[in-house]
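What follows is a single structure, written as structure tokens, with notes after it.
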Amino acid sequence: MRNYLALVPKYLAAHKKRTDLAIISVALSVALVTAIFSMLDVFLRFEKIQVIHDYGNYHLLIKDASAQEMQAIASRIDVEEAGRWIELGQASINGVRCAVGALDENLADNLNIKVIAGKYPAAKNEIMLEQWAVESHRLNVKINDTVRISSPGHVGREFKVSGIYNDLANMKAKAVPGVLMSLDGAAAIKPGAELSYIVLFKRGVKILNAEKEIKDTLKIADERIQRNERLLAVIGQSKHKAAVEIYTTGAILFLIVLIAGVMMIYNTFNISVMERVRQFGLLRCIGASRSQIRKLVEREGLAITLRAIPIGVIAGVIVTFILSAILKFYNSSLFASMPLFVISVSGIGAGIATGFLTVSIASFLPARKAAMVSPINAVTGSGDIKISRSKKRGLLTKVFRVEIAMGINNAVMKKKTLFLMSCSIAISIILFLGFQVFVDFMHAGMKTTKPYTPDISLTSEQGISEGLYKRLSDIDGVKKAYGRRFAYVEAAFDAARLTEAYKKQVGNIEVKDNGIFVPPENSWLISYDRNQLNWAKRDLIDGTLDEDKLNARNGIIAVMTNVRKGVTINTVNLQLGDKVYIKTPAGTRELTVMGRLRSVPFRDSKPNLSTFIITEKLFTELAGESPYQIIDIQLKKRNQEQTVKEIKGMLDSSITLHDARQKNAELDQAFLTMAVFVYGFVAVIALISILNIINTMNTSVASKTRYLGVMRAVGMSGAQMDKMVLAEAATYSLTGCLAGCVLGVMLQRALIADLLSSFRIVWRFPLAQIILIWILTLLVTALSVISPLKRIKAKGISEVIGSL
Amino acid sequence: MEILRVESLSKTYGEGETRVVALRDVSFSISKGEFVLVVGPSGSGKTTLLNLIGALDTPTFGRVFIDGRDIFTMKEEELSVFRRRNIGFVFQAYNLVPELNVEENIVLPLLLDYKKPDRQYIDELLDLLGLSDRKHHLPNQLSGGQQQRVAIGRALASRPAIILADEPTGNLDSKNSREIVNLMKLSVEKYKQTLIMITHNPNFAALADRIFNVEDGIVTELGGKGK
């Protein structure tokens, strides 16, 4: 030994078990931070690919751009790619309704348009069609065929099909073929059509600043600029309310992850120092100064950290790796550009930084405490632990048997240890409950396939006959077919229930003396059968969806979101119990709002005042007998193409077939991308929390080896010892559990109520989660003390007592 | 009347080159009420002997009978109960439970046995040990001598047949040492118990009924006032 600090490695080697526990503790918290931050990093990269796929790879869209503006923007140094887009809107191609647009070829890739066959339209008279449309029975064209496109108010023109491009899920589901033509062609078909300029900035550009610069220099009004908010959100550049809410929620949760890391390490170090007071006193006796003791403890922390950090970082990287592997496995084509083994520099950096930082914080306080140890403590036998002077107790022994009373007493007497142990457990629970918010957000915020999502929808203006409905239901490959009727009705209610956003869109609204407005637009009234009402339960904000109750009390269900011009807004703010007056041929009918839904799984192309759901019985009373307007079909898994062909064969030209399968699959995919990470976060937190509890309990029991030996010498039996240790451990867990659940629920509530309000997520008391937490914590606690107790019992009592 | 019989007791630690023989074929018998002193140099095997008698450790070979029962044939649970009813320990390092006060430490073996402490007896004990006015103090508020008296109280609480003391005065000054030993002798006489005590203090020899010397794991009887 050249230096007194050489004591550190000797000590660590001599107390292998204790050292290992400390290393595990640090490694766990490093793994937690590394995993969570790497996952976040990788998640954003995956999500960026997903968003680009779903919404396009561009940042800004400038409406009605002039040639001079385009010139100025294109010549900016920070612009990566820019091009023109003209939306010509509805038109018809060979008599079939279609949507026509024109796009500069250099932007095709950014908007996920890929030419499958032929070439991109360049000449004035060339167009390109989606693949499904080319193959559809109503259109049926080939490359180089001539088609006739006519838009309302303009003369029809002949075009040549120059190419075929990939299916766009939304167009396919809407059964409206997308037609792309050259810019020149668009100018010819509809001169003076509104031209948008699409801009993609280079990497690292501060987009909002660039946008402001463009606006200021070119004097472009705010409403002429549209942002690709989702893409801006995933690259952290959005100032949109929803994005900011998510950033804040995330920041709070990630802060708690850091705090959790510190707590876990601090707790272990504190236990380790507390149990060695006598050793430090001894060192002080033989001449160690306070600062030397402090250095010893700090050096010990450093030695442990250096060994723990690589383990933690590797564990964190592996978790991230598993998640990327899952995603790549499910969608190898979309995520082809993502490497399988992603090394997140920021995640690893965060892990290492927290490791070092927390160990220095976590060992600083115990080190100071160790330095304060008076040499006397080494020579006087007991007095290892400072105990608060308390009055005569005895109440516990009256309620519990002695060993349990002692266990509880042991935990309660050492306030600091109790606090740290409980905190360490509580913070894990808080994290778990906090991250659940993302699960709620994901379920509410992302439309995904639900039990009622159809694969194929048939629509017809004239209505679909009962007979066809029956024949469709009987097709072998059809799992389920369900019809829906709807009508447009004049619905009126208290004018105060209209939102400002709606009033702004429609302008002046006439209000009668009784406070009821005169409807400026129709509302969409949809009939639901019992099944559909049942399915809608997932989206119920409040109220009831019980068919009998709705029938009995003239109930109506208000849908809180409405899609207007492709944008989701809240047009009404109806509350339960509000009266809605609907005009029917037989006079005005009064209905009561008995339920509120977040959304419905379909949208209307026409702008409506609001959407209402009603039972089939009430629908018939209001709108009279009518055929189905929509039949939704769910297909069996096998031979879908064959079934679709069969269905097509039954339809006449008045019925449109909407194939939503690709769209559903893409929505599922988008959901999966997020779900893998959100559940990944929750799983990692749960796993690390469990390991942390096991490790802490292990440390706590290990530090009591000698004490337990004395108890056995005095006559405590093995079973009594088990109960005592378990009682102590349970005291820690229950206190931690209680604190964790209370604070966690409060956090969850605050996050949902204050931060995620715009997603209309309703906070409910997480009873199932709480029960799960209690069961899990108690189970883990019991399991975690078993092995250290076994180890102690396996040793002879004399060996244990003599260990100090 | 015989209370303790030791038959060919042997204990070895380790194996091969690190093998250490702590006790070699030890046999003796002790009658009820005797005060036995165990002396010998450090590392001779005194503590091993005491630990084996108290069943804190298991022998490599041999048997120990307390009150006619072979203690090493008992199962762990049975042994715990037997130990807390029949054997009292006094350690050199006191080993009190720091969270419990004086009185609680003393009655602990009774509580572990789910017995209601006999108030009169406990008060008598506290009185005898001179701890009556300190019964609500915690161990760290006591002096070394006082702590050891609490440990003696704990050993006596369940009125065990045998008290095993491993250098109970090792941490104390001569005045306190004498007091402690006198106290122990007084109490074993009063309650008709057997005391086996390890000590390095030659002054106590005069008080003992028998003296055993342990050297290199071999026990020999040196005599004493009983002989």
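Details
- Screening region B:4-89 for strands (runs of 3 or more DSSP E) wholly inside it with 1 or more residues that are out of contact with any helix residue (DSSP H, G or I) (no Cβ under 6 Å at 6 or more places or on another chain), within 23 Å of B:R159 (Cβ to Cβ) and hydroxyl-bearing (S, T, Y) returns the ranges B:20-31.
- A:I647 vs. criteria buried (at least 18 other Cβ atoms within 10 Å of the Cβ) and either within 30 Å of A:L789 (Cβ to Cβ) or out of contact with any Phe, Trp or Tyr (no Cβ under 6 Å at 6 or more places or on another chain) (or both): yes
- For region B:116-132, residues that are in a loop (DSSP other than H, G, I, E, B) and free of Cβ contacts under 8 Å to residues at least 12 places away in the same chain total 2.
- Number of the exception - B:I87 against (1) surrounded by fewer than 21 Cβ atoms within 10 Å (Cβ to Cβ); (2) within 9 Å of another protein chain (Cβ to nearest Cβ): (1)
- Residue that is farthest from the other protein chains (Cβ to nearest Cβ), among those in region A:716-734 that are among the polar types (S, T, N, Q) and under 30 Å from B:G54 (Cα atoms): A:Q720
- Restricting the search to strands (runs of 3 or more DSSP E) fully inside region A:130-222 and requiring at least 3 residues that are within 22 Å of A:L107 (Cβ to Cβ) gives A:157-165, A:178-181, A:195-201.
- Note on region B:133-226: enclosed strands (runs of 3 or more DSSP E) holding 1 or more residues that are more than 14 Å from every other protein chain (Cβ to nearest Cβ) are B:194-198, B:210-215, B:218-223.
- Tally, over region A:688-730, of residues that are of a type in the set (V, I, T) and more than 25 Å from B:R154 (Cβ to Cβ): 6
- Residue in region B:30-55 that is farthest from B:S8 (Cα to Cα), counting only those that are away from chain A (no Cβ under 14 Å) and over 16 Å from the mean Cα position of the chain (by Cα): B:P41
- Of the strands (runs of 3 or more DSSP E) that lie entirely inside region A:17-129, those containing 2 or more residues that are under 24 Å from A:E194 (Cβ atoms) and out of contact with any Cys (no Cβ under 7 Å at 6 or more places or on another chain) span A:60-62, A:79-93, A:96-103.
- If the condition is being outside any loop (DSSP other than H, G, I, E, B) and surrounded by fewer than 18 Cβ atoms within 10 Å (Cβ to Cβ), then region A:495-506 contributes A:A495, A:A496, A:E500, A:A501, A:K503, A:K504, A:Q505, A:V506.
- Total residues in region A:507-537, condition part of a helix (DSSP H, G or I) and modelled with pLDDT of 80 or more: 7
- Members of region B:56-81 that are among the hydrophobic types (A, V, I, L, M, F, W, C), at the interface with chain A (Cβ under 10 Å from one of its Cβ atoms) and either crowded, with 20+ Cβ neighbours inside 10 Å or farther than 22 Å from B:Y114 by Cβ (or both): B:L56
- Some residue of region A:218-230 being over 32 Å from the mean Cα position of the chain (by Cα) and in contact (Cβ under 8 Å) with a residue 12 or more places away in the chain: yes
- Here A:Y732 clears all of (1) aromatic (F, W, Y); (2) at pLDDT below 85; (3) assigned to a helix (DSSP H, G or I) except the condition numbered (2).
- For A:L804, the test of being at pLDDT 80 or above and within 14 Å of chain B (Cβ to nearest Cβ) is failed.
- Check on B:N95, more than 18 Å from the chain's Cα centre (by Cα), among the polar types (S, T, N, Q) and facing chain A (nearest Cβ under 8 Å): no
- Of the criteria (1) within 8 Å of chain B (Cβ to nearest Cβ); (2) modelled with pLDDT of 80 or more, which one A:S428 fails: (1)
- Figure legend. Inter-residue proximity from region B:8-26: first residues touching a residue at least 12 places away in the same chain (Cβ under 8 Å) and among the charged types (D, E, K, R), second residues crowded, with 17+ Cβ neighbours inside 10 Å and not in a strand (DSSP E or B), beta-carbon distance below 8 Å, spacing 6+ or different chains. Indicated pairs: B:K11/B:G45; B:K11/B:T48; B:K11/B:L52; B:K11/B:D57; B:K11/B:P59; B:K11/B:G217; B:R24/B:G217.
- Within region A:679-715, the set of residues being out of contact with any Phe, Trp or Tyr (no Cβ under 8 Å at 6 or more places or on another chain), without any contact (Cβ under 8 Å) to a residue 12 or more places away in the chain and within 14 Å of chain B (Cβ to nearest Cβ) comprises A:Y707, A:G715.
- Put simply, of B:Q146, B:Q141 the only residue that is surrounded by 15 or more Cβ atoms within 10 Å (Cβ to Cβ) and closer than 25 Å to B:M197 by Cβ is B:Q146.
- Test: residue in region A:18-36 that is at pLDDT below 85 and surrounded by fewer than 19 Cβ atoms within 10 Å (Cβ to Cβ): no
- For beta carbons closer than 7 Å, sequence separation of 6+ or different chains, a first residue in region A:21-36 that is farther than 25 Å from A:G250 by Cα and a second that is modelled with pLDDT of 85 or more and in a helix (DSSP H, G or I), the qualifying pairs are A:A22/A:I304; A:I23/A:I304; A:I23/A:R307; A:I23/A:A308.
The values are calculated or read from the model by the stated rules, or taken from the named source; none is laboratory data. All figures in this text were calculated on a predicted structure; none of them were measured in a lab. Note that each Cβ is placed from the backbone with ideal geometry, even for glycine, and that neighbours are counted across all protein chains shown.
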